[in-house]
1. Given the criterion of a type outside the set (Phe, Trp, Tyr), away from the ligand (no atom under 16 Å from the Cβ) and on the phi > 0 side of the Ramachandran plot, identify the matching residue among Lys68, Lys78, Lys72, Lys101.
2. What residue, of Lys128, Lys196, is touching a residue at least 40 places away in the same chain (Cβ under 8 Å) and charged (D, E, K, R)?
3. Filter the range 9-36 for residues that are closer than 26 Å to Thr255 by Cα, part of a loop (DSSP other than H, G, I, E, B) and of a type outside the set (D, E, K, R); which is nearest to the ligand (Cβ to nearest atom)?
4. Restricting to the range 259-283, count the residues that are part of a loop (DSSP other than H, G, I, E, B) and among the hydrophobic types (A, V, I, L, M, F, W, C).
5. Any idea which of Glu200, Glu141, Glu205 is crowded, with 19+ Cβ neighbours inside 10 Å, outside any helix (DSSP H, G or I), charged (D, E, K, R) and under 18 Å from the mean Cα position of the chain (by Cα)?
6. (1) crowded, with 20+ Cβ neighbours inside 10 Å; (2) away from the ligand (no atom under 16 Å from the Cβ); (3) more than 28 Å from Gln98 (Cα to Cα): which one isn't true of Ser220, the others all being true?
7. Within the range 137-168, which residues are away from the ligand (no atom under 14 Å from the Cβ), over 23 Å from Ser114 (Cα atoms) and of a type in the set (A, V, I, L, M)?
8. Being more than 23 Å from the chain's Cα centre (by Cα) and either modelled with pLDDT of 95 or more or more than 16 Å from the ligand (Cβ to nearest atom) (or both) narrows it down to one residue among Asn60, Asn91; which is it?
Amino acid sequence: MQKRYYPFSNYLKETFNKKVYKITLDGGFNCPNRDGTISSGGCIFCDETGSYSRCNNAENSIQTQIEKSMEKLSKQFKAEAFMAYFQSYSNTYAPVEQLKKIYDSVFLNDKIVSISIGTRPDCIDDDKLDLISKYKHPWIEYGLQSANDKTLKLINRGHDFGCFKNAVIETKKRNIKVCAHIILGFPNETKEDMIKTAHELAQLEIDGIKIHMLTILADSPLAKIYEKQPFYLLNMEQYAQIVCDILEILPPKTTIQRIAGTGYSETTLHPKWVNRRFEILNLIDKIMIQRNSFQGQNYTNQKIS
Ligand code: SF4
């Protein structure tokens, strides 16, 4: 079915003219919000795995991780080329010389056509951005979660929205594409707060977005908070309606990289519906058809107060 939004898979097909799949990699990095540099507790929703790559881990060399994933994806999906995605923790959290060695190594394999690096907006500087800008089709994925500074404080992000904004501006200046990660359903946030985050991202003309529902993972600080004092969590319908509102606000060319979870259920405590990925995707399609709406229909690059 033709989507009413711009899926990342369409972007990959249009850009590379072949089947390109993402390989998630673990470069063995840590996170300054977990190791005591910024704080030792980390973001309250994060468990000890730090959004790790479930397919690969740093016990294997980058080359081995790449080869193993390529073999699997080529067999399963007839993938012809690949994007190397450093997913676990903060993948720019090392001196630039060390980063160069790690990033260079992915391009030893000529089937890698692009690189994507997940990190925090306070974990980047001019030298690191200059380095990343020299690779083929570079992307940086910044965790933001919300544009509301009160929320960022509450969830112990360790940076504010201004930090994210500066990082995006500096990154885009170098023609590196930016994907932002946000979370819907923080207990202090109203629908208007979430919509405000979407407007801020639209104004920054981000190139990609991943939208998640707030999920309480076992062994996360949030699990302890919720156990002591449970709070309201959005249901699937409410989440899907807000996702549709956000899609309508984002620029038509922003690639939609994730709007439903990956279906891993082992560590999800609440809400359980987040793992019903296809149901969520179908509901979002259904709502957009009912509304007869499209991504970008409410996009404006004017500042919303
Ligand atoms: S920045 Fe990422 S890895 Fe670090 S604590 Fe927050 S969510 Fe976890």
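1. Every option except Lys78 fails the conditions.
2. When all the criteria are applied, what remains is Lys196.
3. Gly27
4. 2
5. Glu141
6. Among (1) crowded, with 20+ Cβ neighbours inside 10 Å; (2) away from the ligand (no atom under 16 Å from the Cβ); (3) more than 28 Å from Gln98 (Cα to Cα), Ser220 violates only (2).
7. Within the range 137-168, just Ala147 meets the criteria.
8. From the options Asn60, Asn91, the qualifying one is Asn60.
The values are calculated or read from the model by the stated rules, or taken from the named source; none is laboratory data. None of these values were measured; they are calculated from a predicted model. Neighbour counts run over all protein chains shown; Cβ positions are idealised from the backbone, glycine included.
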